[in-house]
1. Show me the ranking of peptides 126-138, 163-175 by mean Cβ neighbours inside 10 Å, starting with the highest.
2. Can you give the convex hull volume of the alpha carbon atoms of segment 216-280 per residue, in Å³?
3. Could you derive backbone 3J(HN,Hα) for segment 83-92 from the dihedral phi with the Karplus parameters 6.51, -1.76 and 1.60 (θ = phi - 60°), listing whole Hz in sequence and x where the residue is Gly or Pro?
4. For segment 399-454, what does the accessible surface come to per residue with a 1.4 Å probe? Please give it in Å².
5. Rounded to whole Hz and in sequence order, give me ³J(HN,Hα) for segment 143-158 from the Karplus expression 6.51 cos²θ - 1.76 cosθ + 1.60, θ = phi - 60°, writing x for Gly and Pro.
6. How do 431-437, 315-321, 89-95, 224-230 rank on mean C-beta neighbours within 10 Å, highest first?
7. For Pro276, what charge total do you get from the other residues with a beta carbon under 14 Å from its beta carbon, if Lys and Arg give +1 and Asp and Glu give -1?
8. Using Cα pairs under 8 angstrom and six or more residues apart, how large is the relative contact order of segment 167-251, in percent?
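The values are calculated or read from the model by the stated rules, or taken from the named source; none is laboratory data. Not measured: the values here are computed from a predicted model. Note: ideal-geometry Cβ built from the backbone for every residue, glycine included; neighbour counts use all protein chains shown. Each accessible area value is taken on the protein alone, full model and side chains, heavy atoms only, with ligands, DNA and RNA left out. Shrake-Rupley method; radii C 1.70, N 1.55, O 1.52, S 1.80 Å.
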Amino acid sequence: MRIGMLTEGGYPYATGESGRWCDRLVRGLGQHSFDLYALGPAGTPLPLPPNARVARTADLGGPDAPTPERTGLCEPRVSRRAYGRQDRRRFTEAYHRLVTGLCAEDAESVEDAEGAEGGGTSFADGLYALAELARERGGLPGALRSDDAVRALEAACRAPGARRGAAAAGLADHLAFAEHLERALRPLSLDWYEDDALAAADLCHAAGGGTTALPGLLAKRFFGTPLLVTEYGVPLRAHYLSTAGADRSAPLRTLLAALHGRLAGEIYRQAALLTPGNAHARRWQEKCGADRARIRTVHPGMAADRFAEVGEDEESGDPATLVWVGRVEPAKDLIGLLHAFAEIRARQPDARLRIVAVPDRDGGAGHLTYCKGLAAQLFPDEATGAHAVGENPVTFEELGGPEAPTLEDTYASGALVVMSSLVEGFPASLVEAMFCARATVSTDVGAVVEIVGGTGLVVPPRNPRALADACLALLRDPERRHRLGAAARARALELFTVEQNLAAFRGIYLELLSHAPVRHRPGDGVPFAHPAEAHVPGSWAHKAVTAGTGAPDA
């Protein structure tokens, strides 16, 4: 079958865990053809297998981003001509419904008040009306930033029943939100909804929710194409926790939260199936209105082969060394870990802590410097004599450096892996430690309990004393530590390998296509498009019926 894979800011132009997951999926399901539709800056794509090709790309970044283009052909679809009177009226009505649904405290009350039919909400009705207008008229040329749009937004914010935060918005907030909304709705003006693009796909698979899945939502609307949405993180949660817009006013943040919430809710309601990577993401989807019957948890698939040698050698590693691996940022709570290790050292003086930082393109150098300074204060360099060079029991290293060349070497160097985060989604480092048969001590955040099960110790976040007690319990009990490590490896090999991930999606693809309506011409060779009897030569079925009734053969 032909899969239209939707990505944003990742595969096939960028690496990272999401890119690696998509690449493993495409290569592992070689019997299917993958057309890649990438939102985000284009560049030199990664090497693709024979069953994959880059179908379309579109950079939706800033206000001056280039218009969406056909990959390699440079044929922009967006028209630059202004709307006529009739189209302008259609736009104003559709935009009014969309922003009314955004600003309303309760979307269902708006639906009842306006007499919406067909089970849709005001936001959804406006969104689809704008999409149909854009498809018919070659895009939305400047209409989303027009005075009509700003006036409609202002009226919706001040209408009866509008949420209190939206009602307090001023002109600057309206203009800033209109700009953000224009970027979010740029997929409506793409050339992806043509016969040689998403119209030819048997299934749309979005590697994320929000804007990433919006083209798939429109493909379902226009062509009835089933939409599969996979979320290993939760974009809506990431928006709520982001500090990027800390300088925005409260009314603007209210409007932006409403936009992302309404869009996520509509995608969850319209998707044929949702495949969150863990129960934490699943709960978020359910809170946003997803039907529990259409949610199926599929854990991320991670390569386990590279950790096999370490995992089979349970006795490797210094029995008094703790290992921490991750990006150095405040959410990882290295400060709490250092205070916990101070208590560990007071009760077990030979303990050591290796902090191995994963290179981070977004920086984090300032926080790393602060943590190094705190470690120097808590643990002065220790020397065996007056003329010896002292050493600190806490070391800061970078993954790929001489002390920690690979992840396997890093995990193999210690007896215990610790994770002290305040916020997590699906921590890959925890699974890697389990592949290496290492016992773990983790804080109870995100999907940690689901990953660890009963194979590691879990403590409350922001509790250095509990973290220290758990680490000491395993450092002082080698037999228990080895037993938990072996159980952790067995659990990881059962639930979190690439093989189980591919097997799950192989079955999901066939299941969704088997229930999809037939939209193809006869003879196109699409599985399930025609009943098997239609391909049996001869008229044996008719003869069998007439023989049973005694009627003469025709």
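1. For the peptides 126-138, 163-175, the packing ranking is 126-138, 163-175.
2. 93
3. Per-residue couplings from phi come out as 5, x, 4, 5, 5, 5, 5, 4, 4, 4 Hz.
4. Accessible area per residue: 24 Å².
5. For segment 143-158, the Karplus-derived couplings read 5, 5, 10, 6, 4, 4, 5, 5, 5, 5, 5, 4, 5, 5, 5, 9 Hz, x marking Gly and Pro.
6. Descending mean neighbour count gives 431-437, 224-230, 89-95, 315-321.
7. That works out to +3.
8. Here the relative contact order equals 29 percent.
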